[in-house]
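Derivation of every value follows stated rules applied to the coordinates shown; laboratory data play no part. Note that the structure is predicted; figures quoted are calculated from it, not measured. Note that each Cβ is placed from the backbone with ideal geometry, even for glycine, and that neighbours are counted across all protein chains shown.
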2 protein chains.
Amino acid sequence: MANFDLMRRLTHDTGGKILLLVMDGVGGLPREQGGLTELETAHTPNMDRLAKEGSTGLSIPVARGIAPGSGPAHLALFGYDPLYYDIGRGVLEGMGIGALIGPGDVAIRGNFATVDANGLITDRRAGRISTEEGAKRVELLKDIPLPGVKADVYPVQDYRFALVLHGDGLDGEVEDTDPQITGVAPLPAKATRPQAEKTAQLANQWIAEAAKRLKGHEPANMVTLRGFSMDPSLPKYSDVYKLKAACVAVYPMYRGVSQLVGMDIVETDMHDSAGDEFKRVAQVWNKYDFVFCHIKYTDSRGEDGDFDGKVKVIEEVDAALPILLDMKPDVFIITGDHSTPATYKAHSWHPVPTLLWAPKTHMTDRAQAYGERECMGGALGQFPATDLMPLALAHANRLAKYGA
Amino acid sequence: MANFDLMRRLTHDTGGKILLLVMDGVGGLPREQGGLTELETAHTPNMDRLAKEGSTGLSIPVARGIAPGSGPAHLALFGYDPLYYDIGRGVLEGMGIGALIGPGDVAIRGNFATVDANGLITDRRAGRISTEEGAKRVELLKDIPLPGVKADVYPVQDYRFALVLHGDGLDGEVEDTDPQITGVAPLPAKATRPQAEKTAQLANQWIAEAAKRLKGHEPANMVTLRGFSMDPSLPKYSDVYKLKAACVAVYPMYRGVSQLVGMDIVETDMHDSAGDEFKRVAQVWNKYDFVFCHIKYTDSRGEDGDFDGKVKVIEEVDAALPILLDMKPDVFIITGDHSTPATYKAHSWHPVPTLLWAPKTHMTDRAQAYGERECMGGALGQFPATDLMPLALAHANRLAKYGA
């Protein structure tokens, strides 16, 4: 991508430090005509102060009108055009739990499921068994032998696991075996191009053996596989931006995409609060030029349609913000990967309120608070999310002049 | 275009209904320093209410600084990059009057003209003869025989007609025969590439025979041809957007471009008022997912330099708006294809005030009325006109999420 060529050419390590705080799905909509959004409703004195001092704007994740999934949305925030870089879910999930996925390997998401005596699915999520129960089943599936290929299996969360095939001649173009409905048998793995025939056959062989081993282990007595995919070999942060970068995130997917762009993954706990995550950022801050910190629950509450719950998450983040401010980042960006209005109960296409605070270089605009309408007409305008990294680097004084 | 690939992939028919009202050339400029534009001057309580509740912005028809013709401007509104899709005027005009133009055919715009005894043009528009007089002359030109090719001729309006050549081996790369000035003879049709030689010869043969037949039929005793062009085979609305779409427009050109993108053409009358057009929209509303309604006279008054006349047209549109509002569209967009400031008496490049009202999904911004300055800094920002359709589809809940 031309943009990365430019970044490679202009970036230099001047020591400026960048902190990127992403509240997943932070953008919202008012509950009623004339009302306030979640972010506008929330009491956020710290963010409001930063918005007042710094630059604001609205970021467009993928393109106008496009509601993105979390993978593409984060790629865009990291500066990678998500219409160009297409990453499979298997790879994201696998990398997120620390699975080793090398070039040529195929990574797959797995679900434990329940089938009846006739092999028909009665529960696609095996009664949502706990992570502990899931891990026990994963133990049963380790070391399933496949000809010429090593099949590593990892517990993920609840009823989910990851399967990584290591070997030669593998290909990720294989269809999901999850039929997405109950009352039918799982689908066989099917190649969508000749190069993937071998992988599909191996997957079917693995599934057959897994089914044998899981017999009697209800409710998780079957598996389905989906998201077959391979390492997309993304350019790395150290290469394109000359940044030593780290990720603090509690959900596997976000760690996965961060790892793909070359960030180090900081250990977290599933139950970390915003404050806990911020403390983890503070602990590693001295070692990195760039830290990405991800807050999941703004999106979760939006998806639930829980307007007040989303407001509360935002307020918790704001209350914990002094932990980050104490680190005195040169550039501090607060944004979302996309909007998840509680009224919409889903990811949406609405541009995302964005705040860039860089006391030595930011342009103060007229925004008086961090919110959707305050960010309209801010100093950053409406901009594609892929422009955020160049803006961050520039404000950190890490980009040389273009041309003489 | 990649964008259409994305649309094809993400669109689904969820039943959301979209109404696009285009006031041709609606954008304007103040008459004097510190004054109001035509749209700001007009009393438009209905549009102002929609602007207050919904999203506003400014649309850029082709590119910053580019004043577009009506064809490219409408293509852009319909989501087709006008720098990529280049459509000849002959095709637009021909399709607008219902001429059948198939793949391989060449469509041409014709003018009746007046020539003197020496064959020199004295009036390029034949004294602007009436549509009725034009139609009589067209009768004389029917069935002019050409070797291996059928030449259909259609009356258009006033002194204008359309000529469509059906046959094999035709090519549209032929120059206009209208010299654009008087006192000279019409130019011969001239091919600009070898493949078009045959078409140019046939055109010259047709012109020679037409001149013979028109002798004595002053003031329309000659013809000129221009806009030689072929069916550009545009992707269709049903294909790229999964929309069943209709067009309500009184002028041929707008029906022509609508037909090219696969809209059904609703019958109208040249003398329809805005209210008449809106009633036609209401009559077909149940049968379509998307209706495009075109108001011509905002542009006409702008071109005339008639500021007050343009204000009056806008006010008539606003007064008739309840007819459209009663249909309760899920998404209602009011915009223009370009600006035509009365002070400029021509199409201009100024971004076009745009209003998107979709009560279930729109983001309210701070605009208090529908006007150029109120739309600056609205929720839609400044956006390329080609982004309007993705926005419309998203707000109608017709676009699936991109990626997981």
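With angles folded into 0 to 90 degrees, how steeply does helix A:307-325 sit against the dominant principal axis of chain A? Use alpha carbons for both and round to 10.
Taking Cα atoms only, the helix is inclined about 60 degrees.
Report, for chain A, the % of DSSP beta bridges that are antiparallel, rounded to 5.
On the way: 34 of 56 bridges.
Here the antiparallel bridges make up roughly 60 percent for chain A.
Checking a compactness column here: for segment A:73-168, what do you get for Rg(Cα) / (2.2 N^0.38 Å), N being the number of residues? Display every interim value, and only then the final one.
On the way: Rg = 15.5 Å, N = 96, 2.2 N^0.38 = 12.5 Å.
Ratio of Cα Rg to 2.2 N^0.38 Å: 1.24.
Taking Cα atoms, how many degrees apart are the long axis of helix B:197-214 and the longest axis of chain B, rounded to 10 and kept between 0 and 90?
70
Can you give me the pair-distance distribution of segment B:276-327, C-alpha pairs, 10 Å bins, whole percents?
24, 44, 25, 7
To the nearest 20 Debye, how big is the dipole of segment A:50-118 about its Cα centre, given +1 on the beta carbon of each Lys and Arg and -1 on that of each Asp and Glu? Please report the intermediate quantities before stating the final value.
Details: 4 positive and 6 negative charges, 44 e Å.
Charge dipole, segment A:50-118, about its Cα centre: 220 debye, nearest 20.
Quick one: with label points 7 Å out along Cα→Cβ, list the inter-copy distances for B:ARG125 in nm, shortest first?
Between copies, matching label points for B:ARG125 lie 6.9 nm apart.
Please report the Cα spread of segment B:27-98 along all three principal axes, rounded to whole Å, starting with the longest.
Cα spread of segment B:27-98 along its principal axes, largest to smallest: 40, 28, 23 Å.
In whole Hz, with x marking every Gly and Pro, tabulate ³J(HN,Hα) for segment A:42-57 from phi via Karplus 6.51 cos²θ - 1.76 cosθ + 1.60, θ = phi - 60°.
Listing the rounded values in order: 4, 7, 9, x, 5, 4, 4, 5, 5, 5, 5, 7, x, 9, 10, x Hz.
Using the 7 Å Cα-to-Cβ label point, sort the distances from B:PHE4 to its equivalents in the other copies shortest first and give them in nm to one decimal.
For B:PHE4, the inter-copy label distances come out at 2.9 nm.
Summing -39500 (n - 2.57) over the DSSP H runs of n ≥ 4 in the protein assembly as shown and dividing by its residue number, what mean residue ellipticity at 222 nm do you reach, to the nearest 500 deg cm²/dmol? The partial results should precede the final answer.
Numbers: 29 runs with 259 residues, N = 808.
Theoretical 222 nm ellipticity from helices: -9000 deg cm²/dmol.
Check cross-link reach from A:LYS236 to the aspartates and glutamates: straight Cα distance under 17 Å, and skip same-chain residues fewer than eight apart.
A:ASP5, A:ASP13, A:ASP81, A:ASP86, A:ASP264, A:ASP289, A:ASP387
Under the classification rounded if a/c is under 1.5, otherwise prolate if a/b is larger than b/c and oblate if not, where does segment B:252-404 fall, given a ≥ b ≥ c as square roots of the Cα gyration tensor eigenvalues?
Values: a/c = 1.58, a/b = 1.16, b/c = 1.36.
Since a/c reaches 1.5 but b/c is at least a/b, the shape of segment B:252-404 is classed as oblate.
So what is the orientation-averaged projected area of segment A:38-197, using the convex hull of its C-alpha atoms, in nm²? Show your work: numbers first, answer last.
Numbers: hull surface 56.7 nm².
About 14.2 nm², averaged over all directions.
Take the Cα pairs of segment B:143-187, get the Kirkwood Rh, then feed it into Stokes-Einstein at 37 °C and 0.692 mPa s and tell me D in µm²/s. Could the numbers behind the result be given before it?
Working: Rh = 12.8 Å.
It comes out at roughly 255 µm²/s.
Just how large is the dipole of segment A:136-201 about the Cα centre, in debye to the nearest 20, putting +1 at every Lys and Arg Cβ and -1 at every Asp and Glu Cβ?
Details: 8 positive and 11 negative charges, 35 e Å.
Dipole size: approximately 180 debye.
Per q in 0.17, 0.27 Å⁻¹, report the Debye log10 I(q)/I(0) for segment B:296-376, using one uniform scatterer on each alpha carbon and no solvent.
Each listed q corresponds, in turn, to -0.78, -1.34.
So what's the convex hull volume per residue for the Cα atoms of the protein assembly as shown, in Å³? Before the final figure, lay out each step's value.
On the way: hull volume 160.7 nm³, N = 808.
Per-residue hull volume (Cα only) is 199 Å³.
Taking the beta-carbon count within 10 Å as an exposure proxy, list A:CYS375, B:CYS293 from fewest neighbours to most. If you can, show how the numbers build up before the last one.
Numbers: A:CYS375 29, B:CYS293 24.
Going from least to most buried by this count: B:CYS293, A:CYS375.
Pairs of alpha-carbon atoms within less than 8 angstrom and 6+ residues apart define the contacts here; what relative contact order does chain A have, in percent? Don't skip to the answer; put the middle values down first.
Values: 1004 pairs, mean separation 134.0, N = 404.
Computed value for chain A: 33 percent relative contact order.
For the residue pair B:SER238 and A:ARG213, what label-to-label distance in nm results when each label sits 7 Å from Cα along the Cα-to-beta-carbon direction?
About 5.2 nm separates the two model spin labels.
To one decimal in nm, how far is B:ASN286 from the same spot in the other copies, if labels go 7 Å from Cα toward Cβ? Please give the shortest first.
List, nearest first: 7.5 nm.
How many nm separate the modelled label positions at B:GLN283 and A:ASP116, each set 7 Å beyond the Cα in the direction of the Cβ?
Between B:GLN283 and A:ASP116, the label points sit 5.6 nm apart.
Do you know the relative contact order of segment B:110-226, to the nearest whole percent, from alpha carbon pairs under 8 angstrom that are 6+ apart?
It comes to 33 percent, rounded to a whole number.
In vacuo Debye scattering of chain B, one point per C-alpha: log10 I(q)/I(0) at q = 0.06, 0.14 Å⁻¹?
Once normalised to I(0) and log-transformed, intensities are -0.26, -1.20.
Could you work out the Kirkwood radius for segment B:180-231, taking every pair of different alpha carbons, averaging 1/r and inverting it, reported in Å?
When all Cα pairs of segment B:180-231 are included, the Kirkwood radius is 12.4 Å.
Of all the Cα-Cα pairs you can form in segment B:123-205, what percent are over 23 Å apart?
Details: 972 of 3403 pairs.
When every Cα pair of segment B:123-205 is considered, 29 percent fall beyond 23 Å.
How many angstrom lie between the Cα centre of segment B:38-115 and the Cα centre of segment A:91-143?
What the calculation gives is 54 Å, centre to centre.
Just want the answer: with Cβ charges of +1 for Lys and Arg and -1 for Asp and Glu, which residue in B:ALA220, B:ALA203, B:GLY309 is farthest toward the dipole's positive end in chain B?
Comparing the listed Cα positions along the dipole, B:ALA203 ranks first.
Please state, rounded to one decimal and in Å, the Kirkwood hydrodynamic radius that segment B:352-404 gives when every pair of distinct Cα atoms enters the mean of 1/r.
Working: mean 1/r = 0.0820 Å⁻¹.
In segment B:352-404 this quantity evaluates to 12.2 Å.
Where the centre of each part is set by its Cα atoms, how far does segment B:362-397 sit from segment B:162-195, in angstrom?
Distance between centres, Cα-based: 42 Å.
Summing Lys, Arg as +1 and Asp, Glu as -1, what charge do residues with Cβ under 10 Å from the Cβ of B:THR199 carry, B:THR199 excluded? Kindly include the intermediate steps, with their values, before the conclusion.
Values: positive: B:LYS198; negative: B:ASP171, B:GLU173, B:GLU197.
Overall, the nearby charge balance is -2.
Just round it to a whole percent: the fraction of Cα-Cα distances in segment A:86-140 exceeding 16 Å.
Values: 841 of 1485 pairs.
When all Cα pairs of segment A:86-140 are counted, 57 percent exceed 16 Å.
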